[in-house]
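Let me begin by presenting the structure, written as structure tokens, before commenting on it.
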Amino acid sequence: MEAGQVVSQDLQVEIPKISLRAGSSSLDKIGYEQQHISDSGNSRLEAPENTPRGTRDGPSDTQPEQQHHVPIPHHMNPLNLHLISHPQRGRGVFAPSSIPAGTIIEESPVLVITQKEWDEGHMNDTILGSYGFCWKDGGMGIGLGLASLFNHSSSPNVNFIRSYSTSTIKFITSKRIEKDEELCICYSADESKLWFVKSDSETQGATDMASSSDEEDGGFSRLNIDEDDLLNESSVKLKKDRERRLKASLSKKLNGDVSKKNKDSSDDIKIQSPQPVRFSASAGPSSATMSEASSRTSTPSSSSVSIYPEASSDIITSLPPPLHSGRNSSRQKSNEEVQLTDELEWDEKYWTSPYCDGTGRANEYAECIREKGPAEREGEDGADGTMDIWTLEFTDPKLTRTALDFSKDLTATDERLRHLKRVCRRKESNQEICRIVLAMVAEYELSSLQSIISAYSSTLSHLVPVIHRVPSSIARTQEQLKSKSHLWPVSFSPAPIIPVDTSDWLIGRKAWVTSGIRRIIQIALDAKSKGELPIGTYCAALPKAFWPKKEEGFIQPTEELRASSHDTRQSENHPLRHAALNCIKSIANLRTVEPFISITPERNGSDYLLTSLTLFITHEPCVMCCMALLHSRVREVFYIFPRKKGGGFNGSELGIHARKDLNHRFEAWRYDGHIEEETRRALDVEEDLQI
């Protein structure tokens, strides 16, 4: 038997041959040990026959030099993820096949180190200092498994959730991940916490991967390759074959020639990465440690000879060296005076009591009206709209699978068709007619589409595409589902129940909101007495008694964090000193001082600006301020006076707070309680002035 092979009754595995030189340190076990699966189903690691006993940590330094071979990727879990090394960026985790959004990559065990152990052991001065996840009670967690191998990106495709009770971290894909794309997490939403410097390589824009389509019984919103596909090589091969045939038919039609490319070469690896973040050395530690930290690769190797496949040096990469959020990573403190605003004046003990009914205190609370944005009104408008699409019609059921595969390959990423089921079966003239969705009518001429079909499959070449009228939107109610299905089967997604007012709220929460409204009125009046525009703001966290109990994705706000401000454009003679912007700045400054700077966030992003906080403002903020609030991740905004010209909610009809094309949404509420007429006049602001 040749050296470098392990033979069993079940499996013969080629062991990669690695060039060793005198003086090199130990290699990882995975480089020379292969998994041997026995008949009983148990697995064990077997070393090559030429490996001496007692040297399982790595080959001997005196072992003779062998011929270098390009090693293969090493699979680490059921999804067959593998590591690829790059000279500047180090190791990264890559997907060998498409992975759907929402897939659990791994629930990694965590080695928990207490704050005392971490500090007394000077762990920040060791290599582990770059791999600690913030843990509860000031401790740190060292992630095992894949946890310490993910690189950083400001646009991650993997989210992680820490579980203190089980001492694990669950990694879940946040978007569809394509073949050869790197899996990345966000180490910290606050870039000032990142102490490493971006590697010296050109940056590459983010590649947005569109979701594939679903199977016959689903809508276009479902994904084409699921987890079972990833474990089934033959299924993946079939899907790749369909893609190849579609590309060949399209190329033949457009170019008059079928282009053939060999994509089987493992030497030409294409790296796709999320959008990078630019970093500066000023965000890092002292210069004494920077040289060492910045020179480290993604995941430190114990050997100068990498056992992982290296990407070509001319590949443009976009990710910097890694860093997990460090507890001792400090933000740059503000030089401005920072002052914590007083709490609201309200009877918290009474209003948070389960027996509170507001009897005799009706003047201490009022209702608010919900301002719906475009995304929230989606189910109300255009429910009966239709559009024209190309379809294939046939009666032979044997053609269904081929036609369905062609449909998925042709228009899997067309957002306009995501609400439609791909297959529509109708019984007409005593026979069943099957219709398959192809494309929007505007996308193809009949002759062009016919040519593509013929090139794709000879079994479909005799079919002629026909135009069919279908619903243009998803069904939001049972009534809509019934009426739309008469035209074409559509997906059903019940519209979320969006309240029109606060009538269903606890009285205590209404009282807290009313106390906030009274506070901003007083702030605005005080500002006017000083010669400023009478616009006031107040920002705080909703009392814990009113936090949602079962809301998915709820991020706990930073308790006791409070700030207030007013418009200062007059006194500072600066056009950007709007009240909302001043308040955001105050919150940002407060987060740089004690006690808030020492608070360990419960999850990524929970300590970012206005995340999950409530903002009160006297007037509807302008579009600019609404965008600032959106980017600050505010949870809800309450205001008193609407602005017909330039208001960012409904005054401008833009609905900045709830749009599908923006990456955050927040609730906007207009106070509907009683305001004295004298107060209204005092707080009146010229309509043409942007708030």
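The values are calculated or read from the model by the stated rules, or taken from the named source; none is laboratory data. Bear in mind the structure is a predicted one, so any value in this text is a computation, not a measurement. As a convention, Cβ positions derive from the backbone with ideal geometry for all residues, glycine included, and neighbour counts pool all protein chains shown. Note: areas computed on protein heavy atoms with side chains; ligands, DNA, RNA excluded. Shrake-Rupley method; radii C 1.70, N 1.55, O 1.52, S 1.80 Å.
Side notes on the structure shown:
- Two-site FRET efficiency, Val466 against Asp661, from Cβ-Cβ distance with R₀ of 25 Å, rounded to 0.05: 0.15
- Packing-based ranking, highest mean first, of 96-108, 424-436 given that Cβ atoms within 10 Å are counted: 96-108, 424-436
- The residues packed around Arg562, meaning those with a beta-carbon under 13 Å from its beta-carbon, carry a net charge of -3 if Lys and Arg are +1 and Asp and Glu are -1.
- Too-long pairs where the Cα-Cα distance tops 26 Å, listed order kept, from Lys528/Lys644; Lys175/Lys421; Lys175/Lys660; Lys484/Lys550; Lys510/Lys544: Lys484/Lys550
- A simple count of charges around Cys622, restricted to other residues whose Cβ falls under 14 Å of its Cβ and scoring Lys, Arg +1 and Asp, Glu -1, yields -1.
- Model label sites at Glu560 and Ile497, defined 7 Å from Cα along the beta-carbon direction, differ in position by 3.7 nm.
- Placed amide H near Asp501: partners under 5 Å, 5+ positions off or other chain: Arg370
- Solvent-accessible surface (1.4 angstrom probe) belonging to Met387, in square angstrom, nearest 10: 30
- Between segment 412-441 and segment 506-582, the Cα center-to-center distance that results, in Å: 52
- Note on surface exposure: Asp180, Asp347 rank Asp347, Asp180 by accessible area, highest first, 1.4 Å probe.
- Within the shell of other residues whose beta carbon sits under 12 angstrom from the beta carbon of Gly646, the net charge comes to -2, with Lys and Arg scored +1 and Asp and Glu -1.
- Highest average packing first - 620-630, 561-571, Cβ atoms within 10 Å: 620-630, 561-571
- Segment 559-572 - phi-based ³J(HN,Hα) in whole Hz, Karplus 6.51/-1.76/1.60, Gly and Pro as x: 5, 6, 7, 9, 8, 9, 6, 8, 5, 10, 5, 6, 6, 8
- Taking 7 Å steps out from each Cα toward its Cβ at Glu479 and Thr679 produces label points 4.0 nm apart.
- Whole-Hz couplings from phi, Karplus 6.51/-1.76/1.60, listed for segment 675-690; x for Gly and Pro: 10, 4, 4, 4, 5, 4, 5, 5, 9, 5, 10, 3, 4, 6, 7, 7
- The packing ranking, built from the mean of other Cβ atoms within 10 Å per residue, places the peptides 491-498, 529-536 in the order 529-536, 491-498, highest first.
- Cut-off 12 Å, label 7 Å out along Cα→Cβ of Ser163, residues of segment 102-139 by amide N: 106-110
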